[in-house]
Amino acid sequence: ASSALSRLANLQRHFHPADSHWKGGNNNAGVGTIKISPDVSEALSHGRAVVALESTIISHGMPYPQNLETAKELEAIVRENGAVPATVAILDGVPCVGLSVEDLERLANLGTRAQKTARRDIAHVVATRGNGATTVSATMIFASMVGISVFVTGGIGGVHRHGENTMDISSDLTELGRTPIAVISAGVKSILDIPRTLEYLETQGVCVAAYKTNEFPAFFTETSGCKVPCRIDTPEDCARLIDVNMKLKLGTGILIAVPIPKEHSASGSLIESAIQRALKEAREKRITGNAETPFLLARVNELTGGASLASNIALVKNNVLVGAKIAVSLALLQE
Ligand code: PSU
Ligand code: MN
């Protein structure tokens, strides 16, 4: 706990924690400073449960206004379950851990005008004082830097279909291999190559656990046909896994895959045909690189008449519920 405290003190050296409306511009904060919101800072310094949340899901993953409503609801679910939410984004060039309602509104309104920010984009967004919506990889980095151990999202990136030729492999996977934080997600979408994604995670040394199931879930559906090496049935057991990973200083992340609740799981064949069509369109329009995931997400949502968005929102809420319980168990374990 003392090293966490001194790390926190170092990070906050250049800004006043009480000044929650601090913004870039005429600031004297050094580059490399992270702004931590007062409630997140308070929770971390007392060893209380904190749950990190990403912001690409707000800006690029969902349309307005559902993105704003969802972002606020996710934070509320975290609080109702006894943890403090820490949504991560880069605002006016400053990496922020813990956002105000105004910050969330700003990001939701910016939508895709906020820059999708993965690890490789961070320095550029900060140097140009831009607004960056952090993906799983960038969110892991900032959350881990300030001492957060649990991070919840909807789905992570993975190896794209045909990735063996394009080498389009999300930096989320390499980040899991190098940053020790537990990421709770509903698995990966079948817009991706799920078996290769799991192979890549194995190579990266990432512990992949499935929650109350033996199979890796495929985001919209509970099953993918792929078995996981590790099954966990309670938040307490997830907390123990995270605690051991930290104490052994393995340095790698953990992926905890929570299947979408049965009542919200989309019709597998409906989703699959929409995915096939969206993939074909992406190839025809030559949409590649970091534009591919947002394109596919939006197109699948259009093609399913909003069904995929409703499922998406339901599963993220469920992930946040599980993640908050894990974070609370972990805080108790580490008291
Ligand atoms: N998958 C989803 N929803 C998302 C994303 C992925 O089901 O919102 C976002 C996440 O922010 C993830 C990013 O980190 O896309 C991965 O993008 P890429 O495939 O370009 O690495
Ligand atoms: Mn990519």
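Each residue of the stretch 172-188 was assigned a 3J(HN,Hα) from its phi angle through the Karplus curve 6.51 cos²θ - 1.76 cosθ + 1.60 (θ = phi - 60°); the sequence is 4, 6, 5, 5, 4, x, 10, 10, x, 9, 8, 10, 9, 8, 8, x, 10 Hz, with glycine and proline shown as x.
Model label points for L332 and R277, set 7 angstrom from Cα along the Cα-to-Cβ axis, are 4.8 nm apart.
The phi-based Karplus calculation (6.51 cos²θ - 1.76 cosθ + 1.60; θ = phi - 60°) puts the 3J(HN,Hα) values of the stretch 70-81 at 5, 4, 5, 5, 4, 4, 5, 5, 4, 5, 4, 9 Hz, whole numbers, x for Gly and Pro. Excluding ligands, DNA and RNA, the accessible surface per residue across the stretch 88-178 is 35 Å² with a 1.4 Å probe. Between amide H atoms placed 1.01 Å from N, distances below 5 Å from T87 occur with L53, G98, L99, all of them 5 or more places distant or on a separate chain.
Distant-in-sequence amide contacts of K116, defined by a placed amide H-H separation under 5 Å and a gap of 5 or more residues or a different chain, comprise A133.
Between helix 292-303 and the chain there is an angle of about 60 degrees, using the helix long axis and the longest principal axis of the Cα atoms. Amide H to amide H, with H built 1.01 Å from N, T223 comes under 5 Å of A218, counting only residues 5 or more places away or on other chains. May I ask for the angle, rounded to the nearest 10°, between helix 235-247 and the longest principal axis of the chain, with both axes built from Cα atoms and the value confined to 0 to 90°? For 235-247 against the chain, the angle is about 60 degrees.
Angle of helix 101-110 to the longest C-alpha principal axis of the chain, folded into 0 to 90 degrees and rounded to 10: 40°. With protein chains left intact and a 1.4 Å probe, residues in the stretch 262-318 average 53 Å² of accessible area per residue. In order along the stretch 276-291, the phi-based Karplus estimate (6.51 cos²θ - 1.76 cosθ + 1.60, θ = phi - 60°) of 3J(HN,Hα) comes to 4, 5, 4, 5, 5, 5, 4, 5, 4, 7, 6, 8, 9, x, 6, 7 Hz; Gly and Pro are listed as x. Protein heavy-atom surface of the chain, 1.4 angstrom probe: 53% of the accessible area is carbon and sulfur, with nucleic acids and ligands not counted. For the stretch 173-257, the set of trypsin sites (Lys or Arg not before Pro) satisfying both a DSSP loop assignment and a count of at most 10 other C-beta atoms within 10 Å is given as K249.
Only lysine pairs 8 or more places apart, or on different chains, with alpha-carbon atoms under 14 angstrom apart are counted in the chain, and they number 6. Structure remark: mean-square fluctuation, Gaussian network model of the chain, C-alpha springs under 10 Å; the largest value among I287, I256, I122 belongs to I287. For the options S273, S171, S37, a Gaussian network treatment of the chain with springs between C-alpha atoms closer than 10 Å singles out S273 as fluctuating the most. Please find the FRET efficiency linking H264 to E236, where r is the Cβ-Cβ separation and R0 is fixed at 22 Å, and quote it to the nearest 0.05. The formula returns an efficiency of 0.30 here. Most simply put, the chain has about 30% antiparallel DSSP beta bridges, counting only bridges with both residues inside it.
The values are calculated or read from the model by the stated rules, or taken from the named source; none is laboratory data. Quantities reported herein were computed from a predicted structural model and do not represent experimental measurements. In this analysis, Cβ positions are derived from the backbone assuming ideal geometry, glycine residues included, and neighbour counts consider all displayed protein chains. For accessibility, only protein heavy atoms count, side chains too; no ligands or nucleic acids. Shrake-Rupley method; radii C 1.70, N 1.55, O 1.52, S 1.80 Å.
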